[in-house]
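Notes follow once the structure below has been shown.
The values are calculated or read from the model by the stated rules, or taken from the named source; none is laboratory data. Worth saying up front: this structure is predicted, and the values here are computed from it rather than measured. When we count neighbours, we look across all protein chains shown, and the Cβ atoms used for this are built from the backbone with ideal geometry, even at glycine.
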Amino acid sequence: MNQIIKFSANRVWRTYQGGKLLDMIEGKETPQDSSFPEDWIGSTVEARNIGREHITEGLAMVKDEDGQLVPFRDLLQKNQDYFLGENSEGKRSMDDIPLVKYLDSSTRLHFQAHPTREFAQERLGLPRGKTEAYVIIETREDISDPYIYAGFQRSPDREQLKEWIETQDIASIESCFDRIPVKTGDVFLIPGGRPHALGEGILMLEIMEPSDLAVRFEFERCGYVIPEQARFMGKGIETALDVFNFDPVPPETVDAEFRCAPKVISTDDQGNNLEELIGSDKTSCFTIKRASVKGSFAREEEAFFYGVVVEGEGTFTVGDEVVNLKRFDRFFCPAGVKAFEYLSESGMTVLECYPGNI
């Protein structure tokens, strides 16, 4: 069986529109936006879609050693020591695996907030919240000023926000935010508790804790009304309001709070470069690196990671195994693989998504 696992498309239904660029990546003849704007890469998490409980969505499927399609989650569980490895506290568990997605929006997403890990454990009885990160891959040509919203720049008090949510006064909610401009290559970290929304026309890689927990405090987008039981994680509005971090993030501190500057880890005279985009100083939930390859780039890593090719093409070699990679390909490298080599004559950029430090 191959040590490196490549993934095919794993589109997931969501409550907003998008996915045309994902159709193009898949080579579909007539790419179009739809209710499948996300591709969950190697996902071990099931999507939570009210009204679609009869449909299993989100779990990635791969071929096992007998050539049979099985959930990637099941494959990992058969040999967790090899695939997931250990950290300083012992063997890693399935809860250590980040959820990695392609997200392609054609409209602004709903205003929402996600619980922190502590909130999920203490109030929901679940192991993980949903701190998340965005790496902007590209923006649509017809969108002149792509943006995200993150954190309240002008915070309402709790009762005011409750009234706006109950009356769906979206104009007042939106007035609490400033648009944060984005461009290709930008990196953002949105901690649990911070309200946010993604603007239209953005293709990004989204990396997050492995859950699908969300407080959706805007109920309708593009004609679709979110069912009541899907708005507040199955809880009441008071519990939902407890999720929010109401501390204001003034415009002058937005970049320091949410935007992440790459840190160079290593470079060589061939032009190979390894950067840390999000490290343990930012969050304990996951780590993200970016490998820029020009020529041969030999590497050693102790942890498993998801790799996503965002530019160029090349190969990934482990021993005698050579995996061809092109733009938008995605793969999994087990913890049991300690040494590997990228090779690209024309240049290649790979985003590497690792587990956190706990």
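Within the stretch 27-42, work out how many residues are under 19 Å from the mean Cα position of the chain (by Cα) and at pLDDT 95 or above. Total satisfying the criteria: 7.
Contact annotation: residue pairs with Cβ atoms under 8 Å, 6 or more positions apart or on different chains, pairing a residue in the stretch 105-128 that is within 30 Å of Asp33 (Cα to Cα) with a partner that is part of a helix (DSSP H, G or I) and among the acidic types (Asp, Glu), are Phe111/Glu174. Is one or more of the residues making up the stretch 277-284 acidic (Asp, Glu), within 22 Å of the chain's Cα centre (by Cα) and at pLDDT 95 or above? No: the stretch 277-284 contains no residue that is acidic (Asp, Glu), within 22 Å of the chain's Cα centre (by Cα) and at pLDDT 95 or above.
Of all residue pairs spaced 6 or more apart or on separate chains, those with beta-carbon atoms under 9 Å, a first member in the stretch 156-171 that is among the β-branched types (Val, Ile, Thr) and a second member that is not in a loop (DSSP other than H, G, I, E, B) are Ile165/Ile173; Ile165/Ile237; Ile165/Ala240; Ile165/Leu241; Ile170/Trp164; Ile170/Glu220. So, Gln80, is that one in contact with a helix residue (DSSP H, G or I) (Cβ under 7 Å, 6 or more places away or on another chain) and either aliphatic (A, V, I, L, M) or free of Cβ contacts under 8 Å to residues at least 60 places away in the same chain (or both) or not? Here the answer is no, as Gln80 does not meet what is asked.
One line per residue, one yes/no per condition, for (1) in contact with a Pro (Cβ under 8 Å, 6 or more places away or on another chain); (2) among the hydrophobic types (A, V, I, L, M, F, W, C); (3) at pLDDT 95 or above:
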| site | (1), (2), (3) |
| --- | --- |
| Arg259 | no, no, yes |
| Ile265 | no, yes, yes |
| Asp268 | no, no, no |
| Asn273 | no, no, yes |
| Asp329 | no, no, yes |
| Phe332 | no, yes, yes |
| Ala335 | no, yes, yes |
| Cys353 | yes, yes, yes |
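So that you can scan it fast, the table gives a plain yes or no per residue for (1) under 17 Å from Leu205 (Cβ atoms); (2) assigned by TED's automatic domain parsing to the domain that holds Gln153; (3) surrounded by fewer than 16 Cβ atoms within 10 Å (Cβ to Cβ); (4) among the β-branched types (Val, Ile, Thr):
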position	(1), (2), (3), (4)
Glu252	no, yes, yes, no
Ser280	no, no, yes, no
Ser284	no, no, yes, no
Ile288	yes, no, no, yes
Val322	no, no, yes, yes
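Annotation note: of Leu22, Leu59, Leu84, the sole residue that is farther than 24 Å from Thr317 by Cα, buried (at least 21 other Cβ atoms within 10 Å of the Cβ), hydrophobic (A, V, I, L, M, F, W, C) and outside the structural domain of Phe305 (by TED's automatic domain parsing) is Leu22.
Would you check which residues across the stretch 151-199 are assigned to a loop (DSSP other than H, G, I, E, B) and of a type in the set (S, T, N, Q) and list them? Passing the criteria: Gln153, Ser155, Gln168, Ser175, Thr184. Applying the criterion of being within 22 Å of Ile4 (Cβ to Cβ) and among the hydrophobic types (A, V, I, L, M, F, W, C) to the residues of the stretch 25-49, the residue that is surrounded by the fewest Cβ atoms within 10 Å (Cβ to Cβ) is Ile25. Within the stretch 255-304, the residues that satisfy the criterion of being of a type in the set (S, T, N, Q) and either in contact with an Asp or Glu (Cβ under 8 Å, 6 or more places away or on another chain) or not in a loop (DSSP other than H, G, I, E, B) (or both) are Ser266, Thr267, Asn273, Thr287, Ser292, Ser296. Scanning the stretch 200-245 for residues that are in a loop (DSSP other than H, G, I, E, B), out of contact with any Leu (no Cβ under 6 Å at 6 or more places or on another chain) and closer than 23 Å to Arg290 by Cβ yields Gly201, Glu209.
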